[in-house]
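Novice: Can you read through this structure? Questions will come right after.
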Amino acid sequence: MSWLKKYRYWVFLLVLLLGLLVYGGFFETYYRTDTGLRYKLINSNSKEPVARMGYTAKIHYCQKVGDRIIDQTYDVMPLYYTVMPGYGNRYNPLEVFDYGLRKGDSVVTIQLVDSMMKKHILKHIPSWMKPADQWITCFKVENVFMNDSLLQADKMAERNRVKLLQQTLGMARILAYLRKYRITAVQQKDAYLQWIRHGSGRQADTGTTIKAVLNIRTLKDTLVARQDTVSFITGRSYWPYPIEQLTRRLKAGSLMRLYLPAVLVTGVEPSSAKIKASDDLIVDVDVLEMNEK
């Protein structure tokens, strides 16, 4: 064994390198689903029941292509997925539920952008994304619900969490936006108010009929809605709070611009694909006509 003594330094380095490769994750094993989806399971080794057909799994996930985050749920509502093994979800991260997942399990899946396009999962890709790119999804099974009462209680708790979180984050994002573009706006309770035109005459009172042009867009300049003529009566809860409160300050000819978290208008689960609960809105109310009650 004299050779071992002679080369012990190099043997030590080789063993150390192999240890780093194995324990550092360089030899991580990925499996393939029936549709060719690559996945890796990080098993929680819990004694929780498997998410079987008809159970609902609560999932938080993050999706990335390269260094860009495509979508994530950690500051919005989680995904509640009713498990249906073998039905739909082909070449989809949720397909891994076919192989049995429990509360606490985490999964990493890899989809090829080219395959997603061929399977019509993606119809268009942005210019920075390439067909050869990998679409990586990491998700964790936060809970598994076997009855509806526990599920609904969890959803209610999540709605409250997301609303409070997005109100706080949204106001901070809006303030950063205003400072970046040097916009002068006054903070109200849950919004920032900017007068483009103050208008003239008396302020609106409860019961005042107002006709106005309405324009709503996100801070990212995505158009959400535009109505050339909208008619409402102040004090009748036409607007979500806090917009309703601020319409009492309108005058004839006023143009009021509000910056506010979208969650205050849409709730935590927006019905429109144009907007997310984590978006922030710019709402313009341009008064065309105002009549006292």
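Novice: What number of residues within the stretch 232-276 are part of a helix (DSSP H, G or I) and either charged (D, E, K, R) or not assigned by TED's automatic domain parsing to the domain that holds Gln194 (or both)?
Specialist: 3
Novice: Only residues that are crowded, with 16+ Cβ neighbours inside 10 Å and without any contact (Cβ under 8 Å) to a residue 24 or more places away in the chain: list them for the stretch 231-275, please.
Specialist: Phe232, Trp239, Thr266, Pro270
Novice: With the checklist (1) assigned by TED's automatic domain parsing to the domain that holds Asn43; (2) under 21 Å from the mean Cα position of the chain (by Cα); (3) of a type in the set (Lys, Arg) in hand, flag the one item Lys163 doesn't pass.
Specialist: Result: Lys163 fails condition (1) only.
Novice: From the list Ser106, Ser115, which residue is within 22 Å of the chain's Cα centre (by Cα) and of a type in the set (Ser, Thr, Tyr)?
Specialist: The match here is Ser106.
Novice: Check Leu165 against each of (1) over 20 Å from Asp286 (Cβ atoms); (2) touching a helix residue (DSSP H, G or I) at 6+ places or on another chain (Cβ under 8 Å) and name the one condition it does not meet.
Specialist: Among (1) over 20 Å from Asp286 (Cβ atoms); (2) touching a helix residue (DSSP H, G or I) at 6+ places or on another chain (Cβ under 8 Å), Leu165 violates only (2).
Novice: I've got another one for you. Can you give me the number of residues within the stretch 57-84 that are among the β-branched types (Val, Ile, Thr), touching a residue at least 24 places away in the same chain (Cβ under 8 Å) and not in a strand (DSSP E or B)?
Specialist: So the count comes out to 2.
Novice: Right, another one. What residue, among those in the stretch 188-215 that are touching a helix residue (DSSP H, G or I) at 6+ places or on another chain (Cβ under 8 Å) and part of a strand (DSSP E or B), is nearest to Leu164 (Cα to Cα)?
Specialist: By that ranking, first place goes to Tyr192.
Novice: Taking Ala157, is it surrounded by fewer than 16 Cβ atoms within 10 Å (Cβ to Cβ) and under 30 Å from His60 (Cβ atoms)?
Specialist: yes
Novice: Considering only residues that are part of a loop (DSSP other than H, G, I, E, B) and surrounded by 17 or more Cβ atoms within 10 Å (Cβ to Cβ), which ones fall in the stretch 167-187?
Specialist: Ala185
The values are calculated or read from the model by the stated rules, or taken from the named source; none is laboratory data. Here the structure is a predicted model, which is why all the values come from computation and not from measurement. Cβ: placed from backbone, ideal geometry, glycine included. Neighbour counts: every protein chain shown.
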